[in-house]
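The values are calculated or read from the model by the stated rules, or taken from the named source; none is laboratory data. What you see is a predicted model, and the numbers here were worked out from it, not measured in a lab. Note that we place each Cβ from the backbone using ideal geometry, even for glycine, and neighbour counts take in every protein chain shown. The accessibility values were calculated without ligands, DNA or RNA, using every heavy atom of the protein model including side chains. Shrake-Rupley method; radii C 1.70, N 1.55, O 1.52, S 1.80 Å.
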Amino acid sequence: MKSSSQAVPLMAILMLVLLVSPSSVAAITCGDVLNKISPCVGYLMSGSGMPPPPCCAGAKALAASCPTTADRQTACGCLKTASRSLNVNPARAKALPGNCQINLGFSVDPNIDCSTYVFQLAISLKTVLYQHI
């Protein structure tokens, strides 16, 4: 009897830890990211002007598919790798989220540290908040 009475509080603590701890597993894959952003490849490599509507639709779908930190970090890493291998125009890549009126929470840049983008986003939000106070 004594061992079962000790097991109940232990199980309750374990359940609480599992409920409170954030999930760090990304639901999005690089295949998902590349599929959504594929209409942008031509524009990012050699396009000019504003991105074409299918590109922005894909970028918006990507942003909507990344609700968690883990998803955004995965997407960031996938875009970083793809931008290096495709040799995209860095200025167009950085401007893409703004030109498509989305916020990915990170800059599309082959040199970004995707593990720290959350910190960069927090600084941006803090700046915006102070401007409105």
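Data overview
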| read-out | value |
| --- | --- |
| Leading residue by the ranking (modelled with the highest pLDDT) among those in region 100-109 that are more than 16 Å from MET45 (Cα to Cα), crowded, with 16+ Cβ neighbours inside 10 Å and of a type outside the set (Phe, Trp, Tyr) | CYS100 |
| Condition broken by LEU16, with the remaining ones in (1) within 13 Å of the chain's Cα centre (by Cα); (2) at pLDDT below 90; (3) assigned to a helix (DSSP H, G or I) satisfied | (1) |
| Selection count where residues are within 14 Å of GLY98 (Cα to Cα) and surrounded by fewer than 22 Cβ atoms within 10 Å (Cβ to Cβ), scope region 59-80 | 2 |
| Count - residues of region 40-58 that are open to solvent by 50 Å² or more (accessible area, probe 1.4 Å), in a helix (DSSP H, G or I) and modelled with pLDDT under 95 | 2 |
| Cβ pairs under 9 Å, 6+ apart, first in region 66-93 and more than 14 Å from PHE106 (Cα to Cα) and of a type in the set (A, V, I, L, M), second open to solvent by 40 Å² or more (accessible area, probe 1.4 Å) and modelled with pLDDT of 85 or more | ALA82/CYS30; ALA82/LEU34; ALA82/VAL41; LEU86/VAL41; LEU86/MET45; VAL88/VAL41; VAL88/MET45 |
| Residue list for region 99-115, restricted to those being under 15 Å from the mean Cα position of the chain (by Cα) and in a helix (DSSP H, G or I) | CYS114, SER115 |
